[in-house]
Structures are given as structure tokens and as C-alpha cells.
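Asks: The structure's right below; bear with me while I get my questions together.
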Amino acid sequence: MMNMENEKELLISLRDITVDYGEKPILENVDLDIFRGDFMAVSGPNGGGKTTLMRVMLKLLKPTSGQVEYFHDGEFAKRLRIGYLPQKSMIDTHFPISVRQTILSGLQKGFLGRMPQDYESRFDEVVRLTGTHDYLDRRIGALSGGQLQRTLLARAIISDPEVLFLDEPLSYVDKQFEHKIYSIMEELSGRSTIILVSHEMSVISRMANRHILVDHDVRQCSHCTHIGVQKSGEE
Ligand SMILES: Nc1ncnc2c1ncn2[C@@H]1O[C@H](COP(=O)(O)OP(=O)(O)OP(=O)(O)O)[C@@H](O)[C@H]1O
Ligand SMILES: [Mg+2]
């Protein structure tokens, strides 16, 4: 076990992270390392700080104190090729952008503004995978919850990211697409590093190699079978 740990390639390192919006800190003294190939399941109670932790890892939110560092082949890296499916509550659905533009915006971000040569075939592939072809020209504000979730998933995976962050990808989707998401995750987990927030862990926990509970602090749990709302201090 220790030997295997030593061979892992560090991608993201969080050191002594605290996030404080005023009264009491949302996250405190968080240390966390993400290694290439990890599939990390993230759970915890509403308001526990899961989305905040993701936004810190994505460098979208500067922590009050502590360091976030990226690595690539053992060297410091400014950025990583990242895909992100934000929680639906973080999306401004009034923004006048079509489904097609939303999905393609995942590419532009991943490739530093340049469109990769094969983007059309990659676009077709994620549209097929996510079943979004019927409403590509519709504005995102006119989508159902599940349709928006599919659109956000297509956007997150279109750049074939090396690290994929998914914040509650299962909310709003029907059972059939939930299973589709599981098979997409299974397929991606072979070549991407995945960090996935969910309250529905029965299938996810079998795919994940790591599991953390976020509730003001972060605790790693190695063999969680039932993942409910566990408060700090409870075992
Ligand atoms: N911009 C902000 N200003 C002040 N407080 C905030 C801000 N963003 C989040 N919070 C607070 O930080 C805490 C953690 O929020 P966060 O969204 O990270 O929780 P979560 O674990 O993702 O919850 P959920 O399961 O509901 O998605 C909450 O108490 C929330 O109200
Ligand atoms: Mg959240």
C-alpha cells in the first residue's frame, strides 16, 4: 500500500485551507492531495462546504488562507486541463446562450481559447453521449432541469479533461440518464481524474477509490458503505 502511494503522481495539493465569509469559517485547516487517476467521491450535509471546496480546488475562489497548487509530471503547473460541471444553483440561466454555445464553451476553456482541430467530431460525440441533439439551438434558460444537467455534462467532458469536477451531476436527471452518467464515469475513470460530489453514493462509492466527507473540515473515509449525513466527531 505504501509503495503504491509513493508511485502516485500528485496533481492538486491543498495546504491548510481556510475559507471564511465573515462570522464562522466555512472550511478550516483543510489538507488534501489529489493524485492522477483518483476517483474521489465527495459527500456531506447541505452547507457543509462541498461546493466551496471544489471552487477552491478549481482556483475560482481564493481561500482566506492556505495554498492550492497544481502539478504536472512532478513540476509546478499554472493550470491543468480541467472540466467542471457546476451545481445548478451556480448557473445563471438568464444568460442568453444556446445549448450548442454552452457545450462548446467547455472546449474554449480547456484549450486556452483555441479550438482543437477535431472539435466538430468531439462535439458530435458528446452530443450523442448526452442525448442533447434535440435542443442544441435552445437557450439554456428554456431547458428542463435534466436537459440543463445533460448540457453541463457535455460541456464538462468535451475537452477530454485530465481532471473532471462534477458537483451533483445526478440531480434532476431521470433514472435512465443516471445510469448513462455512471457508464460515462466508468469509461472516463480510465483516463481522467474525477472528483464527484453526490448525495447518491450507492453506485458511485463502488467506482471511487477515495471518499471524503466535507462538513466544515474534510475527513477521508476509506471504507464507507453507507454515506449519510455524518457529523464531525461521529464515527
Ligand atoms: N458567497 C458566499 N457568501 C457567504 N456565505 C457563503 C457563500 N457561498 C457559500 N456560503 C456559505 O458557505 C457554506 C457552504 O456552502 P457550500 O455551497 O459550499 O455547501 P455545500 O456542501 O456545497 O452544500 P449543498 O449540499 O447544499 O450543495 C454555506 O453555509 C453557505 O451558506
Ligand atoms: Mg454544493
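Asks: In this structure, does residue 43 turn out to be in contact with a helix residue (DSSP H, G or I) (Cβ under 9 Å, 6 or more places away or on another chain), within 28 Å of residue 144 (Cβ to Cβ) and within 16 Å of ligand 1 (Cβ to nearest atom)?
Replies: Yes; evaluated as a whole, the condition is true for this residue.
Asks: Which residues, taken from the range 37-65, are of a type in the set (Ser, Thr, Tyr) and more than 13 Å from ligand 2 (Cβ to nearest atom)?
Replies: 64, 65
Asks: Further, regarding this structure: Answer yes if at least one residue in the range 50-72 is of a type outside the set (A, V, I, L, M, F, W, C), farther than 30 Å from residue 24 by Cβ and without any contact (Cβ under 8 Å) to a residue 12 or more places away in the chain, and no otherwise.
Replies: Looking for residues that are of a type outside the set (A, V, I, L, M, F, W, C), farther than 30 Å from residue 24 by Cβ and without any contact (Cβ under 8 Å) to a residue 12 or more places away in the chain, one finds none in the range 50-72, hence no.
Asks: May I ask you to list the residues in the range 193-212 that are within 16 Å of ligand 2 (Cβ to nearest atom) and either within 20 Å of residue 13 (Cβ to Cβ) or not in a loop (DSSP other than H, G, I, E, B) (or both)?
Replies: 195, 196, 197, 204, 212 - these are the residues of the range 193-212 that are within 16 Å of ligand 2 (Cβ to nearest atom) and either within 20 Å of residue 13 (Cβ to Cβ) or not in a loop (DSSP other than H, G, I, E, B) (or both).
Asks: I'd like the residue in the range 155-213 that is among the charged types (D, E, K, R) and closer than 23 Å to residue 97 by Cβ and, out of all such residues, is farthest from ligand 1 (Cβ to nearest atom).
Replies: Ranking the qualifying residues of the range 155-213, first place goes to 160.
Asks: Tally up the residues in the range 161-192 that are among the polar types (S, T, N, Q) and in a helix (DSSP H, G or I), please.
Replies: Here the count works out to 2.
Asks: For the range 173-204, give me each residue that is in contact with a strand residue (DSSP E or B) (Cβ under 6 Å, 6 or more places away or on another chain), crowded, with 19+ Cβ neighbours inside 10 Å and among the polar types (S, T, N, Q).
Replies: 192, 193
Asks: Regarding the range 78-90, can at least one residue be identified that is loosely packed, with under 12 Cβ neighbours inside 10 Å, within 16 Å of ligand 1 (Cβ to nearest atom), without any contact (Cβ under 8 Å) to a residue 24 or more places away in the chain and within 23 Å of residue 212 (Cα to Cα)?
Replies: Among the residues of the range 78-90, at least one is loosely packed, with under 12 Cβ neighbours inside 10 Å, within 16 Å of ligand 1 (Cβ to nearest atom), without any contact (Cβ under 8 Å) to a residue 24 or more places away in the chain and within 23 Å of residue 212 (Cα to Cα), which makes the answer yes.
Asks: Would you point out which residue out of 144, 198 is at pLDDT 90 or above and over 30 Å from residue 16 (Cβ atoms)?
Replies: 144
Condition check ((1) surrounded by 22 or more Cβ atoms within 10 Å (Cβ to Cβ); (2) in contact (Cβ under 8 Å) with a residue 24 or more places away in the chain; (3) not hydrophobic (A, V, I, L, M, F, W, C)) across all residues:
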{"residue": "118", "(1), (2), (3)": "no, no, yes"}
{"residue": "124", "(1), (2), (3)": "no, no, yes"}
{"residue": "130", "(1), (2), (3)": "yes, yes, yes"}
{"residue": "144", "(1), (2), (3)": "no, yes, yes"}
{"residue": "161", "(1), (2), (3)": "yes, yes, yes"}
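The values are calculated or read from the model by the stated rules, or taken from the named source; none is laboratory data. Here the structure is a predicted model, which is why all the values come from computation and not from measurement. Note that we place each Cβ from the backbone using ideal geometry, even for glycine, and neighbour counts take in every protein chain shown.
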